[in-house]
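Q: Quick one: the structure is below, questions incoming.
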Amino acid sequence: MEQIHVTIKLFAHFRNGRFKEANHPFAPGVDCRQIILGLGLGLGEVGIVMVNGQHASLDQRLKEQDTLALFPLVGGG
Amino acid sequence: MDKILRVNLNDLTTRVEEVPSEWAGLGGRALTSTIVAKEVPPTCHALGPNNKLVFAPGLLSGTASSNSGRLSAGAKSPLTGGIKESNVGGTAAQMFARLRIHALIIEGMPKGDGWYSLRINKEGVSIQEETGLLGLGNFAVIDALQSLLGKKTGVIVIGPVGEMRLSSANISVKDPSGKIRSHGRGGLGAVMGSKRIKFISIDDEGAPGIQIADPEKFKAASRVFTKALMDHPVSGQGLPTYGTNVLVNILHEAGGLPTRNFTYGQFDGHEQICGETMHDTIVARGGKPRHGCHAGCVIQCSQVYNDKDGQYLTSGFEYETIWGLGANCLIKELDDIAQADSVMDDLGIDSIETAVAFGVAMEAGLLPWGDGKEVVRILRDEIGKGTALGRVIGSGAGAVGRTYGVTRVPVVKNQAIPAYDPRSVKGIGITYCTSPMGADHTAGYTIATNILNVGGQVDPLKKDGQIELSRNLQIATAAIDSTGMCIFIAFPALDIPECLPALIDMINARFGASLTGDDVVNLGKTILKTERAFNLAAGLTAADDRLPEFFKSDPVAPHQAVWDFTNEEIDAFWDF
Ligand code: SF4
């Protein structure tokens with residue numbers, strides 16, 4: 001089966017010991033939850049999930065060349 | 001006994017008054033807006049003798065409660081022509097509260113050309129002639145007053161921009177480290193300048209202090225409240241570590257980071273100015289990533305930012321300033337932005353209004369996009385010295401647009417739109433339109449729910465639910481602004497069920513009152529309606545509750561979003 005490629009962007013302390021941005025191959029049909037767990041992040045740690053700049057649920061499946069951005073719960077104003 | 005201090009500059013007299021019973025239960029914004037609405041003729045000139053400048057600590061200021069040390073300032077705004085309240089940290093609110101000053105009202109205007117200062121202590125308030133510190137920047141004034149009156153003195157001060165009465169002038173308040181925080185928006189510094197008050201010094205020696213009606217109950221509620229602040233991931237960890245500037249990358253990713261004077265929603269230099277980079281830079285240069293704007297702040301979103309040589313450069317370096325000069329003016333060097341921030345603090349000019357004014361100035365071709373050095377030069381040599389160009393930029397984004405024939409001028413009620421694009425974060429657009437303050441993100445911070453998943457989730461790109469979201473947040477914010485609380489307590493308040501009841505319990509324990517949640521909501525509604533009624537009487541209309549035309553006609557990348565609310569939909573905001 002062909003793999004798909006997803007750009008993953010990490011923010012705030014998620015970057016520590018990981019990366020800022022990386023392109024990874026995944027099996028087709030992979031969802032946000034699987035990628036988050038695969039990065040060693042707990043689901044409870046993740047505050048904001050965006051796919052291509054729009055808020056996404058953990059169940060959302062990724063497509064070839066999607067960008068997944070993960071933020072801890074942070075804020076400002 | 002609590003008291004009202006009244007300064008009449010027409011005849012240079014001062015009075016200590018009893019607190020009228022209808023003002024006794026009010027603090028902060030509720031009190032400043034009530035006093036302005038009652039005593040200021042709405043159609044008066046904001047810089048004339050009939051405007052009044054009012055300061056009031058919050059209901060809980062001066063108590064041991066976390067994050068309660070905010071001071072409200074209110075007047076008719078020379079920028080918007082409507083009512084204004086702006087609140088700030090620093091040491092003054094707590095000193096006012098310990099001195100049992102419910103509010104300070106400054107009215108009238110001195111005859112002649114002389115300048116004055118006010119001195120507040122346990123006896124009341126007195127007026128002095130002032131000559132020595134005129135023309136000086138805020139930092140020099142604070143240094144001089146600290147050597148004259150001692151390190152502990154409280155200071156409320158205007159810089160040269162306030163002396164010039166420019167509509168972006170702010171009022172600064174000394175913070176616990178001897179630096180400043182500012183009543184930023186709406187040109188309140190120009191009102192203080194019009195009254196020719198350079199500074200107010202506060203001495204709380206011998207102050208009677210706060211009396212708490214039910215100390216045990218207060219302590220218990222305060223514990224619950226502080227725990228909620230510490231437990232919530234935003235106030236407990238996010239804000240202390242990265243400050244507000246963590247938002248650069250979030251808004252960039254969401255396509256809501258206004259870039260190149262609100263032309264795009266993303267900035268290719270975002271990594272250079274983002275909170276993550278700033279945090280690493282601060283740590284590497286021996287600055288402080290966390291720092292509170294007043295004693296008792298447990299969140300500490302502020303920071304101390306050092307230059308390359310490890311020397312203090314600025315503090316209170318906020319997302320809005322960094323966005324405004326960064327993405328909005330395409331400046332990629334964080335050090336240049338920090339330098340500009342420090343100069344703006346010293347001159348006493350609102351960093352949001354001014355950053356947006358620079359974006360419009362760049363659009364007009366007055367200086368190149370991204371030229372941070374030129375921004376610093378214009379701040380120092382044009383605005384600081386009061387040249388014609390400096391006065392135009394110092395009068396705000398709207399003034400620059402009108403002077404140079406620019407049509408892309410992001411203002412509502414002539415006040416600059418801050419750091420969130422209303423086309424791609426629609427809830428905040430409703431707040432910009434409807435807030436009686438003019439475009440102000442803090443008035444109803446829908447970013448929490450539109451972007452940060454705090455208090456639920458409302459899709460930022462759709463119209464559904466935005467009016468209600470903005471209305472509920474504006475009502476809650478008006479109430480919170482009256483307690484002396486920093487608005488960042490809203491993050492835990494939206495998510496942690498014990499947080500708001502604990503806040504209300506503290507107010508009840510402090511005053512021996514029995515307010516319910518509904519009372520607090522009603523207070524918020526009353527404040528908003530009072531402010532709106534003032535604006536309507538001042539001549540503003542529903543047509544002022546609108547975004548500039550270009551937000552409808554120009555889609556913003558990457559989502560190609562446009563502002564698509566009808567006038568009727570916006571006006572329905574006021575159906576409460
Ligand atoms: S969280 Fe920030 S703005 Fe609020 S009181 Fe603390 S330092 Fe001041």
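The values are calculated or read from the model by the stated rules, or taken from the named source; none is laboratory data. This structure is a prediction, so every number in the text was calculated from the model and none was measured. Cβ coordinates were reconstructed from backbone atoms using ideal geometry, including for glycine residues, and neighbour counts include every protein chain displayed.
Q: For the stretch B:394-512, give me every one of the helices (runs of 4 or more DSSP H) that falls completely inside it and has 3 or more residues that are of a type in the set (A, V, I, L, M, F, W, C). Show your work before the answer.
A: Working: elements: B:397-404, B:426-434, B:447-450, B:466-480, B:490-495, B:499-511.
Per the criteria, B:397-404, B:426-434, B:466-480, B:490-495, B:499-511.
Q: Can you pull out the residues in the stretch B:46-73 that are farther than 18 Å from B:His102 by Cα and either at pLDDT 95 or above or not hydroxyl-bearing (Ser, Thr, Tyr) (or both)?
A: Answer for the stretch B:46-73, where residues must be farther than 18 Å from B:His102 by Cα and either at pLDDT 95 or above or not hydroxyl-bearing (Ser, Thr, Tyr) (or both): B:Ala46, B:Leu47, B:Gly48, B:Pro49, B:Asn50, B:Asn51, B:Asn67.
Q: State the number of residues belonging to the stretch A:19-42 that are in contact (Cβ under 8 Å) with a residue 24 or more places away in the chain and within 11 Å of chain B (Cβ to nearest Cβ).
A: Going residue by residue through the stretch A:19-42, those that are in contact (Cβ under 8 Å) with a residue 24 or more places away in the chain are A:26-33, A:35-36, A:39, A:41.
Imposing the further condition that a residue be within 11 Å of chain B (Cβ to nearest Cβ) reduces the set to none.
Residues meeting the conditions: 0.
Q: Examine the stretch B:67-77 for a residue that is assigned by TED's automatic domain parsing to the domain that holds B:Leu188, within 16 Å of the ligand (Cβ to nearest atom) and assigned to a helix (DSSP H, G or I), and state whether such a residue exists. Steps first, answer last, please.
A: We begin by selecting, within the stretch B:67-77, every residue assigned by TED's automatic domain parsing to the domain that holds B:Leu188; these are B:67-77.
Filter once more, keeping what is within 16 Å of the ligand (Cβ to nearest atom): B:67-73.
In the following step, the residues that additionally are assigned to a helix (DSSP H, G or I) were identified as none.
For the stretch B:67-77, residues assigned by TED's automatic domain parsing to the domain that holds B:Leu188, within 16 Å of the ligand (Cβ to nearest atom) and assigned to a helix (DSSP H, G or I): absent.
Q: Now for a different question. Could you please find all residues in the stretch B:146-192 being basic (Lys, Arg), within 16 Å of the ligand (Cβ to nearest atom) and part of a loop (DSSP other than H, G, I, E, B)? Quick ask: steps written out before the conclusion?
A: Of all residues in the stretch B:146-192, those basic (Lys, Arg) come to B:151-152, B:165, B:174, B:179, B:181, B:185.
Narrowing further to those that are within 16 Å of the ligand (Cβ to nearest atom): B:174, B:179, B:181, B:185.
Correct list: B:Lys179, B:Arg185.
Q: In the stretch B:1-17, which residue that is surrounded by 15 or more Cβ atoms within 10 Å (Cβ to Cβ) and of a type in the set (Lys, Arg) is farthest from the chain's Cα centre (by Cα)?
A: Applying the filter and picking the extreme gives B:Lys3.
Q: Starting from residues that are outside any helix (DSSP H, G or I) and of a type in the set (Val, Ile, Thr), keep the ones in the stretch B:249-279 and report whichever is farthest from the ligand (Cβ to nearest atom). Don't jump to the end; show me each part of the working.
A: Initial filter on the stretch B:249-279 (outside any helix (DSSP H, G or I)): B:255-269, B:274.
Then keep just the ones that are of a type in the set (Val, Ile, Thr); that gives B:259, B:263.
Working: B:Thr259: 25, B:Thr263: 30 Å.
This residue is B:Thr263.
Q: Sort through B:Gly384, B:Gly359, B:Gly456, B:Gly444 and tell me the only one that's modelled with pLDDT of 95 or more and assigned by TED's automatic domain parsing to the domain that holds B:Gln560.
A: Every option except B:Gly444 fails the conditions.
Q: Just name the residue that is modelled with the highest pLDDT out of those in the stretch B:160-193 that are at positive phi and surrounded by fewer than 24 Cβ atoms within 10 Å (Cβ to Cβ).
A: At the first step, the residues of the stretch B:160-193 found to be at positive phi are B:165, B:178, B:186-187.
Subset that is surrounded by fewer than 24 Cβ atoms within 10 Å (Cβ to Cβ): B:165, B:178.
Working: B:Arg165: 98, B:Gly178: 91.
Among residues in the stretch B:160-193 that are at positive phi and surrounded by fewer than 24 Cβ atoms within 10 Å (Cβ to Cβ), the one modelled with the highest pLDDT is B:Arg165.
Q: A further question follows. Limited to the stretch B:474-496, what total is found for residues that are within 11 Å of chain A (Cβ to nearest Cβ) and either crowded, with 24+ Cβ neighbours inside 10 Å or under 15 Å from the mean Cα position of the chain (by Cα) (or both)? Please lay out each step first, then the result.
A: Narrowing the stretch B:474-496 to residues within 11 Å of chain A (Cβ to nearest Cβ): B:477, B:486-488, B:490-492, B:494-495.
The next check asks that each one be either crowded, with 24+ Cβ neighbours inside 10 Å or under 15 Å from the mean Cα position of the chain (by Cα) (or both); those that pass are B:477, B:486-488, B:490-492.
Here the count works out to 7.
Q: Taking B:Ile322 as meeting all but one of (1) aliphatic (A, V, I, L, M); (2) away from every other protein chain (no Cβ under 14 Å); (3) touching a residue at least 40 places away in the same chain (Cβ under 8 Å), write down the number of the exception.
A: Failed condition: (2).
Q: Within the stretch B:248-262, does at least one residue satisfy the condition of being modelled with pLDDT of 95 or more and surrounded by fewer than 22 Cβ atoms within 10 Å (Cβ to Cβ)? I'd like the intermediate steps shown before the answer.
A: Keep residues of the stretch B:248-262 that are modelled with pLDDT of 95 or more, which gives B:248-262.
With surrounded by fewer than 22 Cβ atoms within 10 Å (Cβ to Cβ) added as a condition, the list becomes B:260.
Yes, the conditions are met somewhere in the stretch B:248-262.
Q: Check the stretch B:279-295 and report whether any residue there is within 18 Å of B:Phe488 (Cα to Cα) and within 13 Å of chain A (Cβ to nearest Cβ). Quick ask: steps written out before the conclusion?
A: As a first pass, look at the stretch B:279-295 and keep what is within 18 Å of B:Phe488 (Cα to Cα): B:289-295.
Next cut, within 13 Å of chain A (Cβ to nearest Cβ) only: B:289.
Within the stretch B:279-295, one or more residues are within 18 Å of B:Phe488 (Cα to Cα) and within 13 Å of chain A (Cβ to nearest Cβ).
Q: Continuing with this model, one more query. Looking for something within 16 Å of the ligand (Cβ to nearest atom), in contact with a Leu (Cβ under 6 Å, 6 or more places away or on another chain) and modelled with pLDDT under 95 - is there at least one such residue anywhere in the stretch B:280-297?
A: Start the filter on the stretch B:280-297 by keeping residues that are within 16 Å of the ligand (Cβ to nearest atom), which leaves B:282, B:287-297.
If we keep only those that are in contact with a Leu (Cβ under 6 Å, 6 or more places away or on another chain) as well, we get none.
No: zero hits.
Q: With the structure loaded, tell me whether B:Leu503 is surrounded by 24 or more Cβ atoms within 10 Å (Cβ to Cβ), within 16 Å of the ligand (Cβ to nearest atom) and not small (Gly, Ala, Ser) or whether it fails that test. Give the derivation first.
A: On the way: surrounded by 24 or more Cβ atoms within 10 Å (Cβ to Cβ): yes; within 16 Å of the ligand (Cβ to nearest atom): yes; not small (Gly, Ala, Ser): yes.
Spelling it out, B:Leu503 is indeed surrounded by 24 or more Cβ atoms within 10 Å (Cβ to Cβ), within 16 Å of the ligand (Cβ to nearest atom) and not small (Gly, Ala, Ser).
Q: Looking only at residues in the stretch B:141-151 that are under 24 Å from the mean Cα position of the chain (by Cα) and free of Cβ contacts under 8 Å to residues at least 40 places away in the same chain, which one is surrounded by the fewest Cβ atoms within 10 Å (Cβ to Cβ)?
A: Ranking the qualifying residues of the stretch B:141-151, first place goes to B:Asp143.
Q: Looking at (1) within 14 Å of chain A (Cβ to nearest Cβ); (2) modelled with pLDDT of 95 or more; (3) surrounded by fewer than 24 Cβ atoms within 10 Å (Cβ to Cβ), which is the one condition that is false for B:Ile467?
A: Status for B:Ile467: all satisfied but (1).
Q: For B:Asp203, are the conditions met, namely being surrounded by fewer than 24 Cβ atoms within 10 Å (Cβ to Cβ), of a type in the set (Asp, Glu) and within 16 Å of the ligand (Cβ to nearest atom)?
A: Working: surrounded by fewer than 24 Cβ atoms within 10 Å (Cβ to Cβ): yes; of a type in the set (Asp, Glu): yes; within 16 Å of the ligand (Cβ to nearest atom): no.
Against the criterion (surrounded by fewer than 24 Cβ atoms within 10 Å (Cβ to Cβ), of a type in the set (Asp, Glu) and within 16 Å of the ligand (Cβ to nearest atom)), B:Asp203 does not qualify.
Q: A further question follows. Please go through the stretch B:78-109 and pick out each residue that is away from the ligand (no atom under 16 Å from the Cβ), part of a strand (DSSP E or B) and among the aliphatic types (A, V, I, L, M).
A: B:Ile83, B:Ile101, B:Ala103, B:Leu104, B:Ile105, B:Ile106
Q: Taking the options B:Leu99, B:Leu133, B:Leu118, name whichever one is buried (at least 24 other Cβ atoms within 10 Å of the Cβ), touching a residue at least 40 places away in the same chain (Cβ under 8 Å) and hydrophobic (A, V, I, L, M, F, W, C).
A: Working: B:Leu133 fails: buried (at least 24 other Cβ atoms within 10 Å of the Cβ); B:Leu118 fails: buried (at least 24 other Cβ atoms within 10 Å of the Cβ).
Result: B:Leu99 is the single residue among B:Leu99, B:Leu133, B:Leu118 that is buried (at least 24 other Cβ atoms within 10 Å of the Cβ), touching a residue at least 40 places away in the same chain (Cβ under 8 Å) and hydrophobic (A, V, I, L, M, F, W, C).
Q: Next up: Taking the stretch B:226-241 as the search range and keeping residues that are farther than 22 Å from B:Thr63 by Cα and crowded, with 19+ Cβ neighbours inside 10 Å, which one is nearest to the ligand (Cβ to nearest atom)? Spell out how you get there, then give the answer.
A: In the first step, residues of the stretch B:226-241 are kept if they are farther than 22 Å from B:Thr63 by Cα; the result is B:232-234, B:237-241.
Filter again for crowded, with 19+ Cβ neighbours inside 10 Å, leaving B:232-234, B:238-241.
Working: B:His232: 12, B:Pro233: 14, B:Val234: 10, B:Gly238: 11, B:Leu239: 6, B:Pro240: 8, B:Thr241: 12 Å.
Restricting to residues being farther than 22 Å from B:Thr63 by Cα and crowded, with 19+ Cβ neighbours inside 10 Å, the top hit is B:Leu239.
Q: Out of the residues in the stretch A:43-59 that are within 12 Å of another protein chain (Cβ to nearest Cβ) and not aliphatic (A, V, I, L, M), state the one that is farthest from A:Phe11 (Cα to Cα).
A: So the residue we want is A:Ser57.
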